[in-house]
Amino acid sequence: MPSSSSSPMNPDVLAPNSSPMNPNFPPVPPSPSISSISIQNISCMVPTKLKRDNYLVWKALFAPIFRRYKLTGIVDGSELCPSPFLLDASGQLTATPNPDFDLWYEKDQNILIWLNSTLSEDLIPFTVGVTSSRELWLNLEQRFGGVSAAHIHQLRSRLHNV
């Protein structure tokens, strides 16, 4: 009976980093990143377009995506935008681009595209002039967060009366 443990002596069981095509243990691909979610996929993960009366449902669909891809900090403002340029030893800005800024900016703009792609057509005007995902998130929360809470309260009252 073949052993179920992973061992170099058992060719039927591959080590975690190997593949049947290349048993020389190629590197494991990095864990999924924000770049691995395409715009098309976001519509599958957030099938509900934001309308004036479904903000809480729409927001709840985004929450696990932001957590999974470690993007919550960008949207909630706890992950601040790094400086676009590196500092020298004396703390002065240099002309050297900051790779942390480039990564943060890519994430931010991808989130902004995702959010925009899940808005109903009548809400698109709220995106005019918005340049960051945080700015759009706050704008939508301010406009629709209270409306949705009021709607939920109204529904609870109706259920209670029934």
Next item on the list: Give Asp122, Asp88, Asp76, Asp108 a once-over and let me know the one that is over 22 Å from the mean Cα position of the chain (by Cα) and within 22 Å of Leu61 (Cβ to Cβ).
Entry: Asp122
Checklist line | Yes/no for Ser148 being modelled with pLDDT of 95 or more and surrounded by 13 or more Cβ atoms within 10 Å (Cβ to Cβ) | finding: no
Check: Mind checking whether some residue in region 88-101 is under 18 Å from Gly145 (Cβ atoms), among the charged types (D, E, K, R) and surrounded by fewer than 15 Cβ atoms within 10 Å (Cβ to Cβ)?
Finding: no
Notebook entry, point to check: Tally time: how many residues in region 66-83 are surrounded by fewer than 16 Cβ atoms within 10 Å (Cβ to Cβ) and not in a helix (DSSP H, G or I)?
Noted result: 7
Check: With respect to the numbered conditions (1) within 18 Å of Asp108 (Cα to Cα); (2) assigned to a strand (DSSP E or B), which one is the sole condition not fulfilled by Leu86?
Finding: (1)
Next item on the list: For Leu140, state whether it is assigned to a helix (DSSP H, G or I) and touching a Leu at 6+ places or on another chain (Cβ under 9 Å).
Entry: yes
Next item on the list: Show the residue pairs that are 6+ apart or on different chains and have beta-carbon atoms under 8 Å apart, the first residue being within region 36-50 and at pLDDT 90 or above, the second being in a loop (DSSP other than H, G, I, E, B).
Entry: Met45/Ile37; Val46/Thr118; Thr48/Asn54; Thr48/Thr118; Lys49/Thr118; Lys49/Ser120; Leu50/Thr118; Leu50/Ser120
Check: Which of (1) within 11 Å of the chain's Cα centre (by Cα); (2) surrounded by fewer than 17 Cβ atoms within 10 Å (Cβ to Cβ) is the odd one out, the single condition Trp114 does not satisfy?
Finding: (2)
Notebook entry, point to check: Pick from Leu93, Leu56, Leu86, Leu123: which is within 15 Å of Trp137 (Cβ to Cβ) and out of contact with any Gly (no Cβ under 9 Å at 6 or more places or on another chain)?
Noted result: Leu123
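The values are calculated or read from the model by the stated rules, or taken from the named source; none is laboratory data. Since we're looking at a predicted model, the values are computed, not measured. For neighbour counting, all protein chains shown are included, and Cβ atoms are generated from backbone atoms with ideal geometry for every residue, glycine included.
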